[in-house]
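Single-structure report; data block below.
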Amino acid sequence: MFNKLKYFLLFILILTFGLGWYFTTTPYYSLIRAFYAMKNNQVETFQYYCDVDSVSESLIDEMIYIKSKDLPRDLSITLKMMQSDTSKANFFKKLLAKSIKTQILKGIKENKFQENHKENVKLGSFTSLQNVLMGENLTVVKLDFQKDNENIPLHFRLRKLEGHWKLVGMEQFGDFLLKALNSQNGKR
């Protein structure tokens, strides 16, 4: 009887260890680690799980193609110009992506992504996390936020790089940002 219990406990221990190890190889784990690195001012860890250059460029792409009617006038004019002229768009995209990368890393270092930071946009509460697309080396994970009874989805693109999953882009960020800002300003 004691031997069976010992083997059963050993089996449970091995199973738990195996499942824990498996979880560290998933895109969810990388996304969670990047999120906590951001919240805990761990710039190097954040860069390990996030290709900040690719994310910055994807944010610019998203912002270029959002509907610009709800944006401040200067930003709206800039985005319309970038939509109509790809050579100018590429020039500005590189400059803006570099600036966004700098701001992301500075924000992590200076603790600006904490919930209680005075400059934060209040995003609401996280409600679900699910795979939208899963491939061998690319996956898209959908994260939903609930804000004022409205679901605000945000898609994260992760790619298997350097032996682990790494955040390489965001999709629907423009719509996500507009909904979050409009919700904060009382617009619908």
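The values are calculated or read from the model by the stated rules, or taken from the named source; none is laboratory data. No experiment lies behind these values; they were computed from the predicted model shown. Cβ: placed from backbone, ideal geometry, glycine included. Neighbour counts: every protein chain shown.
Observations on the structure shown:
- Scanning the range 106-116 for residues that are surrounded by 12 or more Cβ atoms within 10 Å (Cβ to Cβ), modelled with pLDDT of 75 or more and of a type outside the set (A, V, I, L, M) gives GLY107, LYS109, ASN111.
- Of the numbered criteria (1) charged (D, E, K, R); (2) in contact with a Gly (Cβ under 6 Å, 6 or more places away or on another chain); (3) at pLDDT 85 or above, the one GLU62 fails is (3).
- Single match in GLN103, GLN83 (criterion: in a helix (DSSP H, G or I) and either modelled with pLDDT of 80 or more or hydroxyl-bearing (Ser, Thr, Tyr) (or both)): GLN103
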